Amino acid sequence: MLTASMGMRAQSDDILSKSEENGWEYELRAGVNVGGATPVPLPAEIRKIKSYNPGLHGSFEGVVTKWMGAQRKWGASVGLRIENKGMKTGADVKNYGMEIIDEGSNVAGYWTGYVNTKYNATMLTVPVMANYRFCDRWKVRAGLFASWKLDGEFGGYVTDGYLRQGTPVGEKATFENGNKANYNFDGHLRSFQWGAQVGGSWRAYRHFWVNADLTWGLSDVFEHSFKTVSFNLYPIYLNVGFGYQF
C-alpha cells in the first residue's frame, strides 16, 4: 500500500515537473477583499461620510498560467474565483434619490438627512491577465475580469431627516427622534460586472506566494434601468492573500 502511494506521488510530481518545463504553472489562492462600492468622484448629494466599515470578505481562486519565450518572462493566465465583496457606510446627504418602505408601501423621492447603507455580493469571477516575471521571486500582472452575481444585497435605513416625495419640492415625510425608514434595492443589483485588475506576487517559500490585487469595476453595481440612485457606484477592492503553487 505504501509502495503504491509513493509511486502515485512520484508520478504526480513527474507530471508537474514536465508541465513546468513546458511553461505551465498552477496555483490556488485565498485572500480577503477590502474596499467598497463608491461613486467616482463623490457627487454633490453626499455631503459628509460619517462612517465606513469595509469588513473582511473572503475569496478563493484557481489560476493557470502559461509562460512563453525562451526566458519565460511573459505569460498569460486565466482564473476562476469565488469571492465576496461588501461594505457598510453612513453619510449625511441632501436631495439623495431614495425609495423607502413606509408602513408597508414604497415611497420614492429625494432624501435629506442621514442614510445608512449595507452592500454585500457573492460573485463568480473570471480574470484574464498578462503576466511579467522579473525573477523567480517577483511577478506582476494586469488585465480584465468578468463577474457574475450569485447573490447580493443592497439596503439600509434613513433617519434624522425628511423625504420629499416625487420631486425635490414635493410633500415632506419627516423621520426624526430615532424614527427610521428602511430601503431595499436588492432586486436592482446588476447580474454581470466587469472591470480592470492589476496585481503582483512575491514568493515567500518554494511553493508559497504572497499576492495583492486591485480590482476596479467599470460597470455600475445597479442595473442600467434603475434610476432611483442618480449616480453610478463602482466596486473597487484590494485583495490580499497567499497562494500555493503546484
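Could we say that K94 is free of Cβ contacts under 8 Å to residues at least 40 places away in the same chain, surrounded by fewer than 16 Cβ atoms within 10 Å (Cβ to Cβ) and assigned to a strand (DSSP E or B) here? For K94, the condition - free of Cβ contacts under 8 Å to residues at least 40 places away in the same chain, surrounded by fewer than 16 Cβ atoms within 10 Å (Cβ to Cβ) and assigned to a strand (DSSP E or B) - is not met. Is it the case, given these coordinates, that E153 is modelled with pLDDT of 95 or more, more than 25 Å from S230 (Cα to Cα), in a strand (DSSP E or B) and not basic (K, R)? No: the conditions fail for E153. For V128, state whether it is in contact with a strand residue (DSSP E or B) (Cβ under 8 Å, 6 or more places away or on another chain) and modelled with pLDDT of 95 or more. Yes.
Each residue in region 207-246 was checked for being under 16 Å from M87 (Cα atoms) and small (G, A, S), and 1 pass. N179 fulfils the conditions (1) without any contact (Cβ under 8 Å) to a residue 60 or more places away in the chain; (2) in contact with a Phe, Trp or Tyr (Cβ under 6 Å, 6 or more places away or on another chain) except for a single criterion, (2). When region 202-240 is filtered for residues that are out of contact with any helix residue (DSSP H, G or I) (no Cβ under 9 Å at 6 or more places or on another chain), surrounded by 14 or more Cβ atoms within 10 Å (Cβ to Cβ) and among the polar types (S, T, N, Q), the ones remaining, listed by number, are N211, T215, S219, N232, N239. Residues in region 158-167 that are touching a Ser or Thr at 6+ places or on another chain (Cβ under 9 Å) and open to solvent by 20 Å² or more (accessible area, probe 1.4 Å) were compared, and the one that is nearest to E99 (Cα to Cα) is R164. Just so you know, in region 105-137 the residues that are more than 18 Å from G155 (Cα to Cα) and of a type in the set (D, E, K, R) include one that is surrounded by the most Cβ atoms within 10 Å (Cβ to Cβ), and it is R133.
Candidates in region 49-73 are the residues that are charged (D, E, K, R) and assigned to a strand (DSSP E or B); of these, the one that is surrounded by the fewest Cβ atoms within 10 Å (Cβ to Cβ) is K50.
For region 26-48, what are the residues that are open to solvent by 50 Å² or more (accessible area, probe 1.4 Å) and not in a strand (DSSP E or B)?
Listed by number, the residues that qualify are V40, P41, L42, A44.
Here N184 clears all of (1) farther than 30 Å from G31 by Cβ; (2) open to solvent by 70 Å² or more (accessible area, probe 1.4 Å) except the condition numbered (1).
Residues that are open to solvent by 90 Å² or more (accessible area, probe 1.4 Å) and part of a strand (DSSP E or B) were ranked within region 168-178; the one that is modelled with the highest pLDDT is K172.
The values are calculated or read from the model by the stated rules, or taken from the named source; none is laboratory data. Everything numeric here is computed off the predicted structure, so don't read it as measured data. Quick reminder, even Gly has a Cβ in these numbers, built from the backbone with ideal geometry, and neighbours come from all protein chains shown. Calculation scope for accessible area: heavy atoms of the full protein, side chains included, ligands and nucleic acids excluded. Shrake-Rupley method; radii C 1.70, N 1.55, O 1.52, S 1.80 Å.
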